[in-house]
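The values are calculated or read from the model by the stated rules, or taken from the named source; none is laboratory data. What you are looking at is a predicted structure, and each value in this text was computed from that prediction instead of being measured. Cβ atoms come from the backbone with ideal geometry, glycine included; neighbour counts cover every protein chain shown. These accessible areas exclude ligands, DNA and RNA; they are computed on the full protein's heavy atoms, side chains included. Shrake-Rupley method; radii C 1.70, N 1.55, O 1.52, S 1.80 Å.
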Amino acid sequence: MRANVSRYDLRAPDGLTEALHLVSNGWKPLAGGTDLMVLLEAGKLAERRLAGLWKLDELRGIEVGDETITLGALTIFAELRHSPVVGLNLPLLASAAAEIGGVANQNRATLGGNLANASPAADAAPALLVYDAELEIVSLEGTRRVPYHQFHRGYKEMDLRAGELIARIHLPNGRGRWQGCWRKVATRAAQAITKVSLAAAARVEEGRIAEIRIAYGAVAPYPLRCHRMEAALRGAALPAQLPPFDELAPIDDFRSTARYRLKVARNLMETFLASLA
Ligand SMILES: Cc1cc2nc3c(=O)[nH]c(=O)nc-3n(C[C@H](O)[C@H](O)[C@H](O)COP(=O)(O)OP(=O)(O)OC[C@H]3O[C@@H](n4cnc5c(N)ncnc54)[C@H](O)[C@@H]3O)c2cc1C
């Protein structure tokens, strides 16, 4: 039995400025806690001062504009799964949200937490890469924007400095009209960490791939947007040949082997390309 929960300080500010003061003084952000509490219980969380973000209404909400959809970092997966606007305009994200953990997890786990936890297997990540998401990052110094495909830099390394929070995720509106797919391969249908995932979307014109976006989960040290694959497929006549897979660098671990992951990644791509024809 694991029972390692040790003492910790938790402050839950009502406003963003107070939260930013805490975070800039070294307090660790705590959103839904579905990753952090697991670490804490396992005795693997170094930080003992937690800044609870849950009451920050500034970081909630789904806003739809003509050009852009904006998601607050505290948006939980249950909202993404059930939102008609997300289902219509960001269907790959809605599908991923429906497959994250189980219902209890989806009622607590946030989109911002999924990105900042920076797991290579984070299930929201491939859809956000395909949708060319941009992160709005805030600190006491101000606000900056980072294209999500530049956010991850290595295993658990990201473009998020001390004192910063992810505030919002901005996505272009209109990608819902592209032909897309989200596939998660795991041991079970629910409550299972991804072995391989694929999000992909393409715009087809006159039998050719006019535009395409491809992203995989769990085949590299971080969620991977596959620019070389996209370049190989852009303009290709349908049915298209498989692109090169040299951007993927899967590993062997207790969940799967690199060989299996690569094989599944190819199969998923084959199925997606066949669906376009
Ligand atoms: C039973 C179970 C099943 C799960 N299944 C899945 C699954 O199928 N797919 C999947 O992808 N994940 C899964 N997870 C992992 C987890 O639920 C998700 O990664 C979730 O989105 C984390 O969000 P959170 O709000 O709980 O983050 P927290 O645990 O609160 O935080 C996670 C990390 O992000 C940081 N953080 C949080 N919010 C911000 C912010 N706004 N700005 C900056 N940093 C921030 C925290 O400091 C921490 O480092 C599962 C977890 C459990 C316990």
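Quick notes on this structure:
- Across the chain, the mean sequence separation of Cα contacts (distance under 8 Å, 6 or more residues apart), normalised by length, yields a relative contact order of 15 percent.
- Selected from 256, 21, 51, residue furthest toward positive end of dipole (the chain; charges at beta carbon): 256
- DSSP-assigned coil residues among GluC sites (Glu not before Pro) in region 1-90, each with at most 15 further Cβ atoms within 10 Å: 67
- The modelled label-to-label distance between residue 48 and residue 8, using points 7 Å beyond Cα along the C-beta direction, is 1.3 nm.
- Calculated from backbone phi, Karplus (6.51, -1.76, 1.60) coupling profile of region 267-275 in Hz, x at Gly/Pro: 4, 4, 5, 4, 5, 5, 5, 5, 5
- Set of region 216-240 residues, backbone N closer than 19 Å to the point 7 Å along the Cα-Cβ line of residue 150: 222-228
- Nitroxide proxy distance, nm - points 7 Å out along Cα→Cβ at residue 179 and residue 270: 1.8 nm
- Mean residue ellipticity, 222 nm, helices only, the chain: the sum of -39500 (n - 2.57) across DSSP H runs of n ≥ 4, divided by residue count and rounded to 500, is -7500 deg cm²/dmol.
- Highest-fluctuation residue, 102, 32, 142 considered, GNM on the chain with Cα pairs under 10 Å: 142
- Here the chain is assigned +1 on the Cβ of each Lys and Arg and -1 on the Cβ of each Asp and Glu. Its dipole about the Cα centre then comes out at about 900 debye.
- Restraint check, 28/55; 28/195; 28/156, Cα-Cα greater than 25 Å: 28/195
- Karplus (6.51, -1.76, 1.60) ³J(HN,Hα), θ = phi - 60°, over region 78-93, in Hz, Gly and Pro reported as x: 4, 5, 5, 5, 9, 5, x, 5, 5, x, 7, 9, 10, x, 5, 5
- For region 104-167 versus region 202-277, the gap between their alpha-carbon centres in whole angstrom: 22 Å
- With all protein chains kept in place, the per residue accessible area of the chain amounts to 48 square angstrom at a probe of 1.4 angstrom.
- Using the empirical formula 2.2 N^0.38 Å as the baseline, the Cα radius of gyration of the chain reaches a ratio of 1.01.
- About the centre of its Cα atoms, region 9-52 shows a dipole size close to 140 debye [charges on the beta carbon of Lys, Arg (+1) and Asp, Glu (-1) only; nearest 20 debye].
- Loop-resident GluC sites (Glu not before Pro) (DSSP state other than H, G, I, E or B) in region 173-233 with no more than 12 further Cβ atoms inside 10 Å of their Cβ: 206.
- Along region 170-177 the Karplus relation, 6.51 cos²θ - 1.76 cosθ + 1.60 evaluated at θ = phi - 60°, assigns HN-Hα couplings of 9, 9, x, 7, x, 5, x, 7 Hz to successive residues, with x for each Gly and Pro.
- Legend: residues 28, 55, 195, sorted from most to least accessible area (1.4 Å probe; ligands, DNA and RNA excluded), read 55, 28, 195.
- Solvent-accessible area assigned to carbon and sulfur over the chain amounts to 49 percent, based on a 1.4 Å probe.
- In this label model, residue 64 and residue 17 are separated by 3.4 nm, measuring between points 7 Å along each Cα→Cβ vector.
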